[in-house]
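Below is one structure, written out as structure tokens; comments come after it.
The values are calculated or read from the model by the stated rules, or taken from the named source; none is laboratory data. Computed from a predicted model, the values in this text were never measured in an experiment. FYI the Cβ positions are ideal-geometry reconstructions off the backbone, even for glycines, and counts take in every protein chain you see. Ligands, DNA and RNA are stripped out before the accessible areas are found, and what is left, the full protein with its side chains, is counted by its heavy atoms. Shrake-Rupley method; radii C 1.70, N 1.55, O 1.52, S 1.80 Å.
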Amino acid sequence: AALTAAELHEQQQRMRERLAFLDRASVALAESLDLRTTAQTVTDLAVPFFADTCAIHVPGPDGEVRLVAASHVDVSKRAAMLVLAARAQPNRHRGWGRTIVDGTVELFEEIDPVAVRQALGDDPKLNAAFAEVALVSQLSVPMQAHGRLVGAITFALQAGPRRYAAGDIEFAQ
């Protein structure tokens, strides 16, 4: 009974924290009509609450993908994260590139470093950036407005005990 009560208390605490986060994010979305300002506020709120790194991408009129906001828990790794996130031509069959193309939720409970290196190809700058940020779990969800896909928000975790799971998808959306 004591364990059950402790688990219930912990779940309630997590739920209160998530609701407070959603409240702050809703206020941020309502306060500004500027996409970059609003997106940056949301990524800043997500880090470190829900992610170690967070990025928001939108499709550009020319078909290229544009990074509109990004945050990283470790300032010294922000530049490397931006190298990975700012690619205008991401892999459109996997990860956030796929999410922004067709609105598919992409969950990688454990990121496979070999698959990432294959996706990045022989580009030494991209491979060095990936090695530096050392992401271990990633969740990309579509951003929708008025029934249409307007972008993707990607959350990622570095080494540690936490990993994204199917139960995180609804909250991320």
Report the calculated FRET efficiency for SER76 and ALA119 (r = Cβ-Cβ distance, R0 = 30 Å), to the nearest 0.05.
0.75
Where in region 47-153 are there GluC sites (Glu not before Pro) that are in a DSSP coil and have at most 14 other Cβ atoms within 10 angstrom of their Cβ?
GLU64, GLU109, GLU110
Classify region 41-173 as rounded, prolate or oblate from the Cα gyration tensor: take a ≥ b ≥ c as the square roots of its eigenvalues, call it rounded if a/c is under 1.5, otherwise prolate when a/b beats b/c and oblate if not.
rounded
Kindly report the accessible area of region 88-173 per residue (heavy atoms of protein chains, probe 1.4 Å, no ligands, DNA or RNA), in Å².
53 Å²
Prolate/oblate/rounded label for region 96-173 (Cα gyration tensor, a/c 1.5):
oblate
